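What follows is a single structure, written as structure tokens, with notes after it.
Derivation of every value follows stated rules applied to the coordinates shown; laboratory data play no part. For clarity, every value in this text was computed on a predicted model and none was experimentally measured. No Cβ is skipped: glycine too gets one built from the backbone with ideal geometry, and neighbour counts run over all protein chains shown.
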Amino acid sequence: MKLFLYSSYLLAPEHRDAMSRLVGKAPQDITYAAIQHATDVEPDSSSWVLASSDSVCIRREQIEVIDLQQWRDDRDGLREKLASKDVIWVCGGNGFYLRWILRVTGADEIIRELVRAGTVYAGWSAGAIMAGPTLQYFDAVEDLTVVPEVYDDGLNLTNTVVLPHMDLADFAEAMLQINNQLRQAGFATAPLTEAQALMIDGEKQELLWRSGRAISRPGKQPICYVGWQFGCSRSGYHVAADRLDRCDFVNQVGAYQWSASLSSTPAGS
């Protein structure tokens, strides 16, 4: 299966290029089925949803927003629609609301089927978390009062749980705690900063990064300005940053002890 999972609502150009290599098409030729329902219950989300879409595509007509509610009684039609695109792109927002709508519309089973057949799954924030096996412990950072029914299983496209926003002040402490809880429960985790992405192609996993300022969603402030670089040792990944204003979580090495089977690659390589 082919997955491209990232943290920031803005996809860096070098990450877009990496995703195009995963798809096997030029960036301007890729078509996207956008599932944006995680933002349905997020106030004032329209501006950053639009900015997110613009960061992914070269031309806006490459992206078709899929309203799953409209396909609720036509699952064959939904399967055909999603199968006609190169990438199923799942946006961030409220992950538990997203999980609910995927379940009640049957989109979850269709997505699993198509990704297993070769369609690329891409997701940021909640969309990245959704690719993993579980949503357990993420209730600490979500409003469950807007979710009609709570499900805590992911799509299980990978056994790795992505933890986004590790360098955002509003999220870092909670994400560290969730990471520790998941690891203690036996889950493999991939903590990501706003400058990082996890690319999965079958058994191969690559941690991609870009240098420069961490980008935050409007109203969400980054802890630090960083250019991330990673080195691999037998015990896992160890973080080094070329500039830190305040980045206390970096010292929590446990949060970054990925499986040594992962490789760390500059996005442009």
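So the values come out like this:
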| item | result |
| --- | --- |
| C-alpha center-to-center spacing [the stretch 145-217, the stretch 1-73] in angstrom | 18 |
| Length gained when the stretch Asp170-Asp76 is fully extended (0.36 nm per residue, less Cα-Cα span) | 29.8 nm |
| Estimated inter-spin distance, Gln181 and Ser84, nm [label 7 Å along Cα→Cβ] | 4.1 |
| Within the stretch 54-86: backbone nitrogen closer than 14 Å to the Ala117 label point (7 Å, Cα to C-beta) | 75-86 |
| Backbone HN-Hα couplings from phi across the stretch 72-78 [Karplus 6.51/-1.76/1.60, Hz, Gly and Pro as x] | 4, 9, 9, 5, 5, x, 5 |
| Extension gain from Glu61 to Asp17, taking 0.36 nm per residue of separation minus the Cα-Cα distance | 14.0 nm |
